[in-house]
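Q: Okay, handing you the structure first.
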């Protein structure tokens, strides 16, 4: 049997760190996979902030607020399309690779059907609640088309389950670079608002095409096929995550819908402009959680103690990261907003200084998903997210009339804290203790 060659990045590390990592192929794969996911997340986040700020500055708060409203509206329906299956599919592929074709084929069919239904439902609801005749319905139709193309993300789950994210990252990056190049061209051409909605649909189509090309280079051994019993099995486990995903999207997007309804599109533009800056840092825990999912599944096969040890280390890192992000944002927010968005968005500075505190509970929420999945306690997920959604609606109803968009930012922080920490402190004490960075006493 030939020796497994060390990855190049391992050879570049200091000797003391390299010694700790030697012989741990599973961890090597997770770190290598994380590197590619980080590259994708970093590029997307940076381009999203830079090009997004340019688009916001070009459109102005009012038009940008109109586009943000339509995106937020579609996002709620888009959360239905994934059916809460991502983590489950990755786990099944990692643990039972011989069944990958059935799991993937069934997931693809379920998502395609759900995407079509969600798109049609979004158009109907928007038309009834707003209008079937204004420009908004066309924007919603274009943005919502992404729900159909999103079915191609099933391919990404195949690569995640095999720690082969490199193969999809390059494809997605190519599509993302092209779409953002078009966005810049639209700004230089002084294109109308509807053109920026169209590019969202085009980007989704390009990504789907790129993923298809990637899959042809590294296909599963068997042809994908749907299987009704498998569909029932997947949905029986995923429904809590589906409800959770919908609730998460509600309490992360309902504030934008409520701002537009209670204050107007201009104020929504002010609020929406800073969200990409604040969320820029969330790419780190998001990438880590995606890449560590197969490793955590294998840790659970060893035992709960092994899983808990890994999770505690991850949560401690998230606390450190969150503290650094908050401090740097408070120091640089004025400079960043004035430089990137201009005087029209000067009110966004105070909003950013509040909203950035969501980065800590968001990171902890991403991390807790690995525990919920591997301990098969998915029933907690709807409780957490429904609590967050209820708190979000209640606090926005109170705080938006009192403090405007700053009140919406405060409500966002409170809803995230309620969902991530408050519920766990009552119903999942072990998880809460681990989130605090300590070892649980196995009281559950």
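Q: Looking at the stretch 231-250, which of its residues are closer than 17 Å to residue 157 by Cβ and surrounded by fewer than 19 Cβ atoms within 10 Å (Cβ to Cβ)?
A: Result: 231, 233, 235, 237.
Condition check ((1) over 21 Å from the mean Cα position of the chain (by Cα); (2) on the phi > 0 side of the Ramachandran plot; (3) surrounded by fewer than 20 Cβ atoms within 10 Å (Cβ to Cβ); (4) free of Cβ contacts under 8 Å to residues at least 60 places away in the same chain) across all residues:
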| position | (1), (2), (3), (4) |
| --- | --- |
| 351 | yes, no, no, no |
| 361 | no, no, no, no |
| 368 | no, no, no, no |
| 375 | yes, no, yes, no |
| 378 | no, no, no, no |
| 385 | no, no, no, no |
| 419 | no, no, no, no |
| 434 | yes, no, no, no |
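Q: Checking the condition in a helix (DSSP H, G or I), surrounded by fewer than 23 Cβ atoms within 10 Å (Cβ to Cβ), modelled with pLDDT of 80 or more and touching a helix residue (DSSP H, G or I) at 6+ places or on another chain (Cβ under 8 Å), which residue from 286, 273 passes?
A: 286
Q: Name the one entry in 358, 385 that is within 25 Å of residue 249 (Cα to Cα) and modelled with pLDDT under 85.
A: Criteria check complete, one pass: 385.
Q: Would you check if residue 256 is part of a helix (DSSP H, G or I), within 27 Å of residue 75 (Cβ to Cβ) and free of Cβ contacts under 8 Å to residues at least 24 places away in the same chain?
A: In short, no.
Q: If a residue counts only when it is without any contact (Cβ under 8 Å) to a residue 60 or more places away in the chain and buried (at least 21 other Cβ atoms within 10 Å of the Cβ), which helices (runs of 4 or more DSSP H) contained entirely in the stretch 74-150 have at least 2 such residues?
A: 100-129
Q: Moving on to the next point. Just to check your reading of the model, which residue among 69, 58 is surrounded by 23 or more Cβ atoms within 10 Å (Cβ to Cβ), out of contact with any strand residue (DSSP E or B) (no Cβ under 6 Å at 6 or more places or on another chain), under 23 Å from residue 204 (Cβ atoms) and modelled with pLDDT of 90 or more?
A: Result: 69 is the single residue among 69, 58 that is surrounded by 23 or more Cβ atoms within 10 Å (Cβ to Cβ), out of contact with any strand residue (DSSP E or B) (no Cβ under 6 Å at 6 or more places or on another chain), under 23 Å from residue 204 (Cβ atoms) and modelled with pLDDT of 90 or more.
Q: If I go through the stretch 333-347 residue by residue, how many of them are closer than 11 Å to residue 61 by Cα and under 25 Å from the mean Cα position of the chain (by Cα)?
A: 1
Q: Please count how many residues of the stretch 391-438 are out of contact with any helix residue (DSSP H, G or I) (no Cβ under 6 Å at 6 or more places or on another chain) and within 23 Å of residue 317 (Cβ to Cβ).
A: The total comes to 7.
Q: Residues in the stretch 421-429: is at least one farther than 30 Å from residue 264 by Cα, without any contact (Cβ under 8 Å) to a residue 40 or more places away in the chain and not in a helix (DSSP H, G or I)?
A: The answer is no, given that none of the residues of the stretch 421-429 is farther than 30 Å from residue 264 by Cα, without any contact (Cβ under 8 Å) to a residue 40 or more places away in the chain and not in a helix (DSSP H, G or I).
Q: What are the residues in the stretch 191-233 that are without any contact (Cβ under 8 Å) to a residue 24 or more places away in the chain and outside any helix (DSSP H, G or I), if any?
A: 191, 192, 219
Q: Can you tell me which condition residue 183 does not meet? The list is (1) modelled with pLDDT under 80; (2) in a helix (DSSP H, G or I), and all the others hold.
A: Tallying (1) modelled with pLDDT under 80; (2) in a helix (DSSP H, G or I), residue 183 fails exactly one: (1).
The values are calculated or read from the model by the stated rules, or taken from the named source; none is laboratory data. Quick caveat, the model's predicted, so the values are computed rather than measured. Glycine also receives a Cβ, built like all others from the backbone with ideal geometry; neighbour counts cover every protein chain displayed.
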